[in-house]
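**Q** Here it is, the structure, as C-alpha cells.
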Amino acid sequence: MKSTPSSKNFYQWFDPRGRSISSWGFIINRITALGLSLYFILHLIMLGQLTQGQQAYDGFIALVKNPIFAVGELLVIAAGVLHGINGVRIGLTSFGIGVRYQVMMLIFGAVISAGIIIFFGFRMFGGV
Amino acid sequence: MQSSISPKNHENALLWFIKLLAGGLIFGLLVVHFIVNHLIAPGGLLTFNDVVQYFQNPFVLIMEGCFLTTVLVHALLGLRSIALDLNPSPKIIWYLNRGLVLFGSLAFVYGIWLLIKVSSMG
C-alpha cells in the first residue's frame, strides 16, 4: 500500500483488518480529537447561557441532568482521558523516549484510561 | 498486511511542536478544571452563583483564559493535521488555514468576552 496520505486513506480508518496496535493508538487519537473538538464548540456555546442570567443557566443545567446527556458527558470524559493519556505516549515517543516500549505503554495507558472512565461512570451514575 | 495509515503529514516541525506543547499544558490545566467543576461541585455541576463566584477570582480568570487559548491552539492545529492526512490541494490548504485562523480568532474573542462578562456579573 502506498504511504502517501490520500482521501482513500480516510476509508481505511474504518477497516480493522491487518492493523498494528500502534495504528489503533493513532486512530483512537484522531477519532477522539474530532469528538472533543465538536464538544469544545458546543461547550463554548453552552457557556453563553451564563450571560443570559440565572434562570436560563439553571434551565440548561436541569436539561443536561437528563440521563441521555449524562451518557454523552461520560463519552466526552472517555474521549478526553483516552486522548490525553495516549497523547502523553505520543509526545514521549516523538522525542525518542520509550520507543521500544511503546506497545507496552499503549496497553498500560489503555488500562489506566479504563480505570478512570469506570471511576467516572460509577460516580456519575450513583455507584460511588 | 499492515495499515498504510501513518501520523506523517505536511505539518511543519514548529506547528507540530506548538501542538505538542499546548497538549502538555492542557493536560495540567484540565486536571484542575475537572477537579473544580466536576469533582468538588455537588452533583458534578456548579450552580449559577458558584460559577459567577468562581470567576471572581483573578487567578481563575487567568487560568481559564490560558486553558481556552491552549485548547483552541491544540484543537485547530489537530484538525489541520487530520485534514492534511487527506492530502488536500494547495488551494484547499490555503482556505483551510485562513478558515481555522478566522474561527480561532472569533472563538478566542468570544471566550475572553464570556470570561470578562461572567466575572463582572457578581
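The values are calculated or read from the model by the stated rules, or taken from the named source; none is laboratory data. On a predicted model such as this, the values are computed, not experimentally measured, just so you know. Methodologically, a virtual Cβ is constructed for each residue, glycine included, from the backbone with ideal geometry; neighbour enumeration extends over all protein chains shown.
**Q** Can you pull out every residue in the stretch B:1-51 that is more than 19 Å from the chain's Cα centre (by Cα), facing another protein chain (nearest Cβ under 8 Å) and modelled with pLDDT of 75 or more?
**A** Within the stretch B:1-51, B:Thr47, B:Phe48, B:Asn49, B:Val51 meet the criteria.
To keep it simple, each residue is scored yes or no on (1) modelled with pLDDT of 85 or more; (2) facing chain B (nearest Cβ under 7 Å); (3) not in a helix (DSSP H, G or I).
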site	(1), (2), (3)
A:Lys8	no, no, no
A:Arg19	no, yes, yes
A:Gly59	no, no, no
A:Ala62	no, no, no
A:Gly84	yes, yes, no
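**Q** State which residue pairs qualify: first residue touching a residue at least 24 places away in the same chain (Cβ under 8 Å) and inside the stretch A:29-53, second residue among the hydroxyl-bearing types (Ser, Thr, Tyr) in any location, beta carbons under 9 Å apart, and separation of 6 or more residues or different chains.
**A** Close Cβ pairs (under 9 Å, with a partner that is among the hydroxyl-bearing types (Ser, Thr, Tyr)) amount to A:Ala33/B:Ser81.
**Q** Scanning the stretch A:74-101 for residues that are of a type outside the set (A, V, I, L, M) and buried (at least 18 other Cβ atoms within 10 Å of the Cβ), which turns out farthest from A:Ser37 (Cα to Cα)?
**A** A:Thr93
**Q** Read through the list (1) free of Cβ contacts under 8 Å to residues at least 40 places away in the same chain; (2) facing chain B (nearest Cβ under 10 Å), then give the number of the only condition that A:Gly80 fails.
**A** Among (1) free of Cβ contacts under 8 Å to residues at least 40 places away in the same chain; (2) facing chain B (nearest Cβ under 10 Å), the lone unmet condition for A:Gly80 is (1).
**Q** In this structure, is A:Asn66 in contact with a helix residue (DSSP H, G or I) (Cβ under 7 Å, 6 or more places away or on another chain) and either free of Cβ contacts under 8 Å to residues at least 24 places away in the same chain or of a type in the set (S, T, N, Q) (or both)?
**A** Answer is no for this residue.
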